[in-house]
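Asks: One structure coming up, written as structure tokens, with questions to follow.
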Amino acid sequence: SEREKNSIQLNQGQTFTMKCQTADNKKDNFSLFARHPGKDIMVFYDKNTNSFTIEEQYRERVSISGSIQKITMELKDLQLKDSGLYLGQYSKFNLEKNVEEEEEGCAILLHVKEVNKMAATEKVKTGAGASALSEPQILVFALTACTLVIVFGLMLWVCIPK
């Protein structure tokens with residue numbers, strides 16, 4: 001399956017769209033996690049009830065479309081606090097092994113820029129090699145990406161039969 005790029009930078013007030021898909025039509029559940037700096041479950045889909053549950057703090061700004069195999073989530077009116085890592089995860093219960101099996105559907109690192117500061121920053125940083133991200137932001141993104149690689153590596157190590 002084709003994955004979206006791993007990071008995106010948007011301005012306050014814009015809409016963030018994330019698409020997740022799986023080829024396995026036997027998946028029972030889908031969870032969309034937002035990590036900023038805590039871990040929130042934004043959206044949960046249950047195949048048994050054929051319904052999406054959107055957490056209260058996101059209900060006014062999140063819309064979901066598509067089927068469980070190909071879900072599209074839109075987060076409207078972005079705020080600075082929305083910056084973080086968004087993970088879509090599919091799961092199904094394996095009756096033979098009596099375990100919940102999980103599969104990553106998508107992962108995107110979102111950075112929301114403040115609109116007013118952006119204009120001033122762009123005026124100052126116009127030379128060759130100018131970056132839209134500050135050094136601390138780049139460090140945070142690099143550390144988050146490394147953490148993500150380690151977590152997925154550990155998940156694979158634990159989940160793959162020996």
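The values are calculated or read from the model by the stated rules, or taken from the named source; none is laboratory data. For clarity, every value in this text was computed on a predicted model and none was experimentally measured. Because the Cβ atoms are built from the backbone with ideal geometry, glycine has one as well, and the counts that use them run over all protein chains shown.
Asks: Can you pull out the residues in the range 77-95 that are at positive phi and part of a strand (DSSP E or B)?
Replies: The one that is at positive phi and part of a strand (DSSP E or B): Gly84.
Yes or no, residue by residue, for (1) closer than 17 Å to Asn25 by Cβ; (2) small (Gly, Ala, Ser):
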residue: Glu56; (1), (2): no, no
residue: Ile68; (1), (2): yes, no
residue: Ser91; (1), (2): yes, yes
residue: Ala107; (1), (2): no, yes
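Asks: Answer yes or no as to whether Gln89 is out of contact with any Leu (no Cβ under 9 Å at 6 or more places or on another chain), surrounded by 11 or more Cβ atoms within 10 Å (Cβ to Cβ) and modelled with pLDDT of 85 or more.
Replies: no
Asks: If you scan the range 37-76, which residues turn out to be assigned to a loop (DSSP other than H, G, I, E, B) and either loosely packed, with under 12 Cβ neighbours inside 10 Å or aromatic (Phe, Trp, Tyr) (or both)?
Replies: Listed by number, the residues that qualify are Pro37, Gly38, Asn48, Thr49, Asn50, Arg59, Glu60.
Asks: Within the range 52-69, is there a residue that is closer than 30 Å to Trp157 by Cβ and within 17 Å of the chain's Cα centre (by Cα)?
Replies: Yes: the range 52-69 contains one or more residues that are closer than 30 Å to Trp157 by Cβ and within 17 Å of the chain's Cα centre (by Cα).
Asks: Among Lys26, Lys19, which is of a type outside the set (Phe, Trp, Tyr), in contact (Cβ under 8 Å) with a residue 12 or more places away in the chain, under 28 Å from Ile160 (Cα atoms) and not in a strand (DSSP E or B)?
Replies: Criteria check complete, one pass: Lys26.
Asks: Right, another one. Please work out if Leu109 is closer than 25 Å to Thr15 by Cβ, more than 15 Å from the chain's Cα centre (by Cα) and at pLDDT 85 or above.
Replies: Answer is no for this residue.
Asks: Give the range 96-105 a look and list any residue that's farther than 12 Å from Asp24 by Cβ, part of a strand (DSSP E or B) and not acidic (Asp, Glu), or say none.
Replies: Val99
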